[in-house]
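Readers should treat all values here as calculations from the given coordinates under stated rules, not as data from a laboratory. Predicted model, so just to flag it, every value in this text is computed and none were measured. FYI the Cβ positions are ideal-geometry reconstructions off the backbone, even for glycines, and counts take in every protein chain you see.
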Amino acid sequence: MKTIFVLDEKNYTEDMPLELRTTVRALIWRDGKLAMQRAASGDYKIPGGGMAPGEDRMTALAREVWEETGLSILTKTAREIGETVEKRRDVCDPQKRFERHTYFYEVEAGDEVAPAPLHLTDSEKALGFSAVWADPEEAAAANLHSLSERHCTERDTKFLIWYLAQVGTPARREQAVEMTV
């Protein structure tokens, strides 16, 4: 998968022990809006999360989307978008360096919807996350104006801006196809 960008704080040294994390994120469109998580503060996050040991990307993607949004996904429709990489000193253990590889996919939602409540982590509950359908441009703008210092907000905002500029919404892609026919 191609690397879209690297966020490197350069506040670590290569000889520090490495904390490596692999995560997956899903873009799920419906009526021009994306399935997202919204924090009580107004930040938006693309649904997804960490892979369990031995878990493949599609299994992790389906599990994370189900837990965070209550949506099932059709993994056979998954289309690779790209990878982002984050490098910095570990926030939890400053004696370590942290590196996260996030793999983004565009995927269709299935018909099955999980019963409430969502299966959120303690930190997601503390931040007041809820599942919403959001306009991606409004979500990116809200994140740019946010006072959040969460790394996922920076990553997801930069990704959304890149995606909208490079790939566009499904409606814009359809218009582009119609114009070439």
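Our summary of shape: the Cα atoms of segment 3-180 have principal axis extents of 53, 40, 34 Å, ordered from largest down, in whole angstrom.
Out of the DSSP beta bridges found with both residues in the chain, what percent are antiparallel (nearest 5)?
Numbers: 25 of 40 bridges.
Among the beta bridges of the chain, antiparallel pairing accounts for roughly 60 percent.
Projecting label points 7 angstrom from Cα along Cα→Cβ for Arg88 and Lys33 puts them 3.0 nm apart.
Segment 52-120 has equivalent-ellipsoid semi-axes of 27, 16, 10 Å, by the square roots of 5 times the alpha carbon gyration tensor eigenvalues, sorted largest first. Along segment 46-62 the Karplus relation, 6.51 cos²θ - 1.76 cosθ + 1.60 evaluated at θ = phi - 60°, assigns HN-Hα couplings of 6, x, x, x, x, 8, 6, x, x, 7, 7, 4, 5, 5, 5, 4, 4 Hz to successive residues, with x for each Gly and Pro. Other residues within the sphere of radius under 14 Å centred on the Cβ of Glu112, judged by their own Cβ, net out at -2 (K and R +1, D and E -1). Annotation for segment 1-66 versus segment 96-166: alpha-carbon center distance of 8 Å.
How many percent of the alpha carbon pairs in segment 26-70 exceed a separation of 15 Å? Distances greater than 15 Å cover 47 percent of the Cα pairs. Under a 5 Å amide H cut-off, with hydrogens placed 1.01 Å from N, Leu7 pairs with Val85, Glu86, Lys87 among residues at least 5 apart or on other chains.
Rounded to the nearest 5, the antiparallel percentage of DSSP beta bridges internal to segment 1-108 is 55%. The slack between Leu20 and Ser123, meaning 0.36 nm per residue of separation minus the straight C-alpha distance, is 35.1 nm. For segment 4-17, putting each phi into the Karplus relation 6.51 cos²θ - 1.76 cosθ + 1.60 with θ = phi - 60° gives couplings of 7, 7, 10, 9, 10, 6, 6, 10, 9, 10, 5, 7, 6, x Hz, in residue order, rounded to whole numbers and with x for Gly and Pro. When shorter helices are ignored and each DSSP H run of at least 4 residues is given -39500 (n - 2.57), the per-residue value for the chain at 222 nm works out to -9000 deg cm²/dmol. Take the chain and mark each of the trypsin sites (Lys or Arg not before Pro) that is in a DSSP loop with at most 13 other Cβ atoms within 10 Å; the longest unmarked stretch, sites excluded, is 11-181. In this structure, the amide hydrogen of Gly128, modeled 1.01 Å from its nitrogen in the peptide plane, lies closer than 5 angstrom to those of Ala40, counting only residues at least 5 positions away or on a different chain.
With a cap of 16 neighbouring Cβ atoms within 10 Å, and only residues DSSP puts in a loop, list the chymotrypsin sites (Phe, Trp or Tyr not before Pro) found in segment 2-60.
Here no chymotrypsin sites (Phe, Trp or Tyr not before Pro) fit, given the DSSP loop and packing criteria.
Lys and Arg at +1, Asp and Glu at -1: add these up for the other residues within a Cβ distance under 13 Å of Ala142 and post the number. Please report the intermediate quantities before stating the final value.
Numbers: positive: Arg38, Lys45; negative: Asp43, Asp135, Glu137, Glu138, Asp156.
Taking every other residue near Ala142 into account, the sum is -3.
Split the chain at each of the GluC sites (Glu not before Pro) in a DSSP loop with at most 10 other beta carbon atoms within 10 Å, and the longest piece is 15-148.
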